[in-house]
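Chemist: Following this message is one structure expressed as structure tokens.
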Amino acid sequence: MKKLSFPHPMIIMLSFVALATLLTYLIPAGSFDRVLDEATGREVVLEGSYKVIDNQPVSLGKMFLSVPEGIIEGAEVVVLILIIGGAFYVVDKTGAFQSGLESLIHRFKNAKAYLLALVGMLFATAGALNGLQEEIIAMVPVLMILSRKVGYTPIAGVAISLGCALIGGAFGPSNPFSVLIAQNFAEVPLFSAGLYRMVFLIVALGFWIVYVIRTGKDPNHQDIPSEEVPDKMSKSHSLILVLVALTFGVMIYGLSNWDWDYNEMSAIFFAMGLSAGIIGKLGVNGTAKAYSEGFAELVFAGIIVGLARSIYLVLQDGQIIDTIIYALFNPLEGLPLGLSAFGMMIAQAILHIPVPSTSGQAVLTMPLLTPLADLIGMSRQVVVLAYQYGAGIMDMVTPSNGGLMAILAAAGISYKDWIQYAWKPILVVFTIAAVSVVGGIFLL
């Protein structure tokens, strides 16, 4: 009997688009009133304003139309993926990545676990500082080479990069796309309770890194000791790698201090790729050819990100997102504080399936939950924790997260294999988050 294969990532995403369409026929339409917040320039929800409206189910034709519309809506992210992918492909063609990896692996030849731990901490730091996620898509080929050379599986390569970045973003005190937006709308001081968050970030990240190191080894890898010392990196390779690191540094600073968005990130990486090609002596035509090959490698990953946006567009067109929010959070008012806080985190996690944007979810839920917190005597800081943990951790499993699905596709890993590997440690991380939320009732 022929074994059934797990659905292709594109089929998974299209299935969710179809499911979202079906839900517009099953879930009553409803909406909250919204007003413009002059301080942030965003529309916010008015607490207590939910009302049922006439159903607006999405037709079959509109469902198919949502596919190109979703790709267009996510154009800035898609362009960022293509340009960063092209830039990294150029750097790879110069041989700088290969040379750097060989030097790094030789330096850690007797301490490969420490190398993985270092990689994990770097990605977690980037996640905490600027919510690193889609940018990892272009790094997948290099991460796969690194994990293979140190004797770990491709899944371990994704877990030590994407997993650590998402934990950094979910638990850290400074992610501008989640915790800072939520704190702003909850009207608590920015970066407040930072030490409390850092304690649980260290616990969750430490557990995750140790789990990956212990379980991610490739049983088929033959570790053959070698005394061969790799060639010393050339000046051009060293300069290119410094340029890559500098680009990331400028990007993080720009996101934090200059209000940069996807287009600014695309621009700086485009300039980096061109510069790397010239420094690496690929020539003008060689650099252009490498760029085009890099674009081709990541077109599908960009489409996956666009399809994730299509899911949200269908739910939005059917006017059922506000109904889902109302149904998830309204029952929490009458529960004991500890149970209510835990329920908020669960509700935020569930809501993150139809609302894959962490910043968008903050805008939707914080104006509703902060008055509820005041009413039942809960710290607003706990409400922010419940949001950032629920949405951030859910990014590791929800198929509506285009970044996750695109990274898995680029790494050649099926969604099924990822879930089979990751569900147990994710459950532990979620438990750590639950302890933090409930503890916050007494300490914050």
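Chemist: State which residue pairs qualify: first residue within 12 Å of residue 160 (Cβ to Cβ) and inside region 105-117, second residue at pLDDT 90 or above and in a helix (DSSP H, G or I) in any location, beta carbons under 7 Å apart, and separation of 6 or more residues or different chains.
Modeler: Once the first residue is within 12 Å of residue 160 (Cβ to Cβ) and sits in region 105-117, its partners that are at pLDDT 90 or above and in a helix (DSSP H, G or I) give 113/213; 116/160; 116/212; 116/213; 117/209; 117/213.
Chemist: Look through 159, 126 and report the one residue that is in a helix (DSSP H, G or I), of a type in the set (Gly, Ala, Ser) and surrounded by fewer than 24 Cβ atoms within 10 Å (Cβ to Cβ). Before you say what the answer is, go through the steps one by one.
Modeler: On the way: 159 fails: surrounded by fewer than 24 Cβ atoms within 10 Å (Cβ to Cβ).
Answer to the selection: 126.
Chemist: Just give me the residues in region 413-424 being over 15 Å from residue 161 (Cα atoms) and of a type outside the set (Phe, Trp, Tyr), in sequence order.
Modeler: 414, 416, 417, 419, 420, 424
Chemist: Any residue in region 344-355 that is among the aliphatic types (A, V, I, L, M), open to solvent by 10 Å² or more (accessible area, probe 1.4 Å) and part of a helix (DSSP H, G or I)?
Modeler: Within region 344-355, the first condition is being among the aliphatic types (A, V, I, L, M), and the residues that meet it are 344-347, 349-351, 353, 355.
From what is left, the residues that are open to solvent by 10 Å² or more (accessible area, probe 1.4 Å) are 346, 350, 353.
Checking which are part of a helix (DSSP H, G or I) leaves us with 346, 350.
Yes; the residues of region 344-355 include at least one that is among the aliphatic types (A, V, I, L, M), open to solvent by 10 Å² or more (accessible area, probe 1.4 Å) and part of a helix (DSSP H, G or I).
Chemist: Return yes when residue 138 is touching a Cys at 6+ places or on another chain (Cβ under 8 Å) and not acidic (Asp, Glu) and no when it is not.
Modeler: Taking the combined requirement at face value, the residue does not satisfy it.
Chemist: Turning to a different aspect of this structure: Scanning region 93-103 for residues that are in contact with a helix residue (DSSP H, G or I) (Cβ under 7 Å, 6 or more places away or on another chain) and open to solvent by 10 Å² or more (accessible area, probe 1.4 Å), which turns out nearest to residue 205 (Cα to Cα)? Full working, then the answer.
Modeler: Taking region 93-103 as the starting set, the residues that turn out to be in contact with a helix residue (DSSP H, G or I) (Cβ under 7 Å, 6 or more places away or on another chain) are 93-97, 99-101.
Narrowing further to those that are open to solvent by 10 Å² or more (accessible area, probe 1.4 Å): 93-95, 97, 99-101.
Working: 93: 33, 94: 34, 95: 32, 97: 26, 99: 29, 100: 26, 101: 24 Å.
So the residue we want is 101.
Chemist: Still on this structure, I have one more. Is it the case that some residue within region 244-259 is more than 27 Å from residue 13 (Cβ to Cβ), in a helix (DSSP H, G or I), open to solvent by less than 10 Å² (accessible area, probe 1.4 Å) and touching a Ser or Thr at 6+ places or on another chain (Cβ under 7 Å)?
Modeler: No, region 244-259 contains no residue that is more than 27 Å from residue 13 (Cβ to Cβ), in a helix (DSSP H, G or I), open to solvent by less than 10 Å² (accessible area, probe 1.4 Å) and touching a Ser or Thr at 6+ places or on another chain (Cβ under 7 Å).
Chemist: Looking at 297, 333, can you tell me which residue is touching a residue at least 24 places away in the same chain (Cβ under 8 Å), under 30 Å from residue 377 (Cβ atoms), assigned to a helix (DSSP H, G or I) and open to solvent by 40 Å² or more (accessible area, probe 1.4 Å)?
Modeler: The unique qualifying residue is 333.
Chemist: State which residue pairs qualify: first residue of a type in the set (A, V, I, L, M, F, W, C) and inside region 42-53, second residue in a loop (DSSP other than H, G, I, E, B) and open to solvent by less than 90 Å² (accessible area, probe 1.4 Å) in any location, beta carbons under 8 Å apart, and separation of 6 or more residues or different chains.
Modeler: So the pair list comes out as 45/32; 45/33; 46/32; 46/33; 52/28; 52/29; 53/29; 53/319.
Chemist: Now for a separate question. Do we have residue 262 as more than 18 Å from the chain's Cα centre (by Cα) and aromatic (Phe, Trp, Tyr) here?
Modeler: Answer is no for this residue.
Chemist: Taking the condition of being free of Cβ contacts under 8 Å to residues at least 24 places away in the same chain and either open to solvent by less than 30 Å² (accessible area, probe 1.4 Å) or under 22 Å from residue 215 (Cβ atoms) (or both), how many residues in region 425-443 meet it?
Modeler: 3
Chemist: Let me ask something additional. Tell me, which residue of region 11-30 that is over 12 Å from residue 315 (Cα atoms) and either surrounded by 17 or more Cβ atoms within 10 Å (Cβ to Cβ) or at pLDDT below 85 (or both) is farthest from the chain's Cα centre (by Cα)?
Modeler: This residue is 14.
Chemist: Exactly one condition in (1) in a helix (DSSP H, G or I); (2) crowded, with 16+ Cβ neighbours inside 10 Å; (3) in contact (Cβ under 8 Å) with a residue 24 or more places away in the chain is not met by residue 188; state its number.
Modeler: That leaves (1) as the condition not met.
Chemist: Give the residue that is least open to solvent (accessible area, probe 1.4 Å), with candidates limited to residues of region 191-222 that are basic (Lys, Arg) and either in contact with a Leu (Cβ under 7 Å, 6 or more places away or on another chain) or assigned to a helix (DSSP H, G or I) (or both).
Modeler: Across region 191-222, the extreme among qualifying residues is 197.
Chemist: Report whether or not residue 365 is in contact (Cβ under 8 Å) with a residue 24 or more places away in the chain, crowded, with 21+ Cβ neighbours inside 10 Å and part of a helix (DSSP H, G or I).
Modeler: Criteria met by residue 365.
Chemist: Within the bounds of region 104-116, is there any residue that is in a helix (DSSP H, G or I), surrounded by 15 or more Cβ atoms within 10 Å (Cβ to Cβ) and hydroxyl-bearing (Ser, Thr, Tyr)?
Modeler: No; the residues of region 104-116 include none that is in a helix (DSSP H, G or I), surrounded by 15 or more Cβ atoms within 10 Å (Cβ to Cβ) and hydroxyl-bearing (Ser, Thr, Tyr).
The values are calculated or read from the model by the stated rules, or taken from the named source; none is laboratory data. Computed from a prediction, not measured in an experiment: that's the story for all the values here. Virtual Cβ from ideal backbone geometry, glycine too; neighbours counted across all protein chains shown. Note: accessible area is taken over every heavy atom of the protein model, side chains too, but ligands, DNA and RNA are not part of it. Shrake-Rupley method; radii C 1.70, N 1.55, O 1.52, S 1.80 Å.
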